[in-house]
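Remarks on the structure that follows.
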């Protein structure tokens, strides 16, 4: 049995300090949380940055640079997976829905991968979803995705393809046929987002049935479905993810102490199910990273 790669998604861009007082927000806090998650067993840390003043998701390169530098000062081994999801949200104005409201972040695709080209992490996300999310429409047009994919590959970075719905899987297979995405591909199934694919066994097995050949895949659930989907992904042959981007509770009604505690619980579950957690070297081999 292939060992299981465990990713920790440290902070994301939607959870807030109002939801959890210990949510990592500053580059220093995010870096420290990533290091703790790695020490607890995560081979990969998936990273967003936030504006320390507002707590909201940010695209500011200085924050990425500080966060990555702080991690690499103490750990040169953990695999870094930086987001490119920022810059894809459009909030329609109530007076004129053609005009972007204040919280819109939609921008040119080149800007969304600029930090990837400069920092060159081993992995970065490439979200294929166009969908309604919270108060915004997430827009990832095929044309913009092609631009982002080309720049990601040119930087020597492996894209982790984020799938939020069955239509995203169809787009992925189309991109592979066109040569936009290179095989073997790394796929992350995001399950349980409102208006995305449901976090249940039927949805997981359907998405698995549509995977391109030789794909390395993982799946995770949002909120209370984090650990049920972790177990189901493992049983179905996939890799796994936890973290405060996706869920803030260690059990019903009890906030987690931090990302490391979520990782520790994930490690226990995989071990209890008879699996083994991949080291960073083993994860690189599975993913074909140089």
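The single condition among (1) farther than 16 Å from residue 129 by Cβ; (2) exposed (fewer than 14 other Cβ atoms within 10 Å of the Cβ) that residue 200 does not meet is (2). Out of 285, 265, one residue alone is outside any strand (DSSP E or B) and without any contact (Cβ under 8 Å) to a residue 12 or more places away in the chain. It is 285. Quick one: residue 23 ticks every box in (1) in a loop (DSSP other than H, G, I, E, B); (2) in contact with a strand residue (DSSP E or B) (Cβ under 8 Å, 6 or more places away or on another chain); (3) closer than 27 Å to residue 277 by Cβ bar one, so which box is it? With respect to (1) in a loop (DSSP other than H, G, I, E, B); (2) in contact with a strand residue (DSSP E or B) (Cβ under 8 Å, 6 or more places away or on another chain); (3) closer than 27 Å to residue 277 by Cβ, residue 23 is out only on (2). When residue 97 is tested against the conditions (1) outside any loop (DSSP other than H, G, I, E, B); (2) surrounded by fewer than 17 Cβ atoms within 10 Å (Cβ to Cβ), the lone failure is (1).
None of 236, 260 is within 28 Å of residue 24 (Cα to Cα), at pLDDT 95 or above and touching a helix residue (DSSP H, G or I) at 6+ places or on another chain (Cβ under 7 Å) except 260.
Given (1) over 18 Å from the mean Cα position of the chain (by Cα); (2) at pLDDT 95 or above, identify the lone condition not met by residue 149. So residue 149 meets the others, but not (1).
Inside the stretch 278-290, residues that are in contact with a helix residue (DSSP H, G or I) (Cβ under 9 Å, 6 or more places away or on another chain) and surrounded by fewer than 20 Cβ atoms within 10 Å (Cβ to Cβ) make up a count of 3. Restricting the stretch 195-222 to residues that are touching a residue at least 40 places away in the same chain (Cβ under 8 Å) and part of a helix (DSSP H, G or I), the residue that is farthest from the chain's Cα centre (by Cα) is 206. Return a yes/no flag: does the stretch 74-91 have any residue that is closer than 30 Å to residue 261 by Cβ and without any contact (Cβ under 8 Å) to a residue 24 or more places away in the chain. Yes, the conditions are met somewhere in the stretch 74-91. Exactly one residue among 80, 35 is part of a strand (DSSP E or B), under 27 Å from residue 266 (Cβ atoms) and touching a helix residue (DSSP H, G or I) at 6+ places or on another chain (Cβ under 8 Å), and that residue is 80. Does any residue of the stretch 106-119 turn out to be modelled with pLDDT of 95 or more, under 25 Å from residue 41 (Cβ atoms) and touching a helix residue (DSSP H, G or I) at 6+ places or on another chain (Cβ under 9 Å)? Taking every residue of the stretch 106-119 in turn, at least one turns out to be modelled with pLDDT of 95 or more, under 25 Å from residue 41 (Cβ atoms) and touching a helix residue (DSSP H, G or I) at 6+ places or on another chain (Cβ under 9 Å). In contact (Cβ under 8 Å) with a residue 12 or more places away in the chain, assigned to a strand (DSSP E or B) and in contact with a strand residue (DSSP E or B) (Cβ under 9 Å, 6 or more places away or on another chain): is that true of residue 103 in this structure? So residue 103 fails the test. Selection over the stretch 223-248 of residues that are out of contact with any strand residue (DSSP E or B) (no Cβ under 7 Å at 6 or more places or on another chain), assigned to a loop (DSSP other than H, G, I, E, B) and surrounded by 14 or more Cβ atoms within 10 Å (Cβ to Cβ) gives a count of 3.
Determine if the stretch 178-189 includes at least one residue that is surrounded by fewer than 17 Cβ atoms within 10 Å (Cβ to Cβ) and either part of a helix (DSSP H, G or I) or without any contact (Cβ under 8 Å) to a residue 24 or more places away in the chain (or both). So far as the stretch 178-189 goes, yes, one or more of its residues are surrounded by fewer than 17 Cβ atoms within 10 Å (Cβ to Cβ) and either part of a helix (DSSP H, G or I) or without any contact (Cβ under 8 Å) to a residue 24 or more places away in the chain (or both).
The values are calculated or read from the model by the stated rules, or taken from the named source; none is laboratory data. Because the structure is a prediction, the values reported are computed rather than measured. Reconstructed Cβ throughout: ideal geometry from the backbone, glycine too, with neighbour counts over all protein chains shown.
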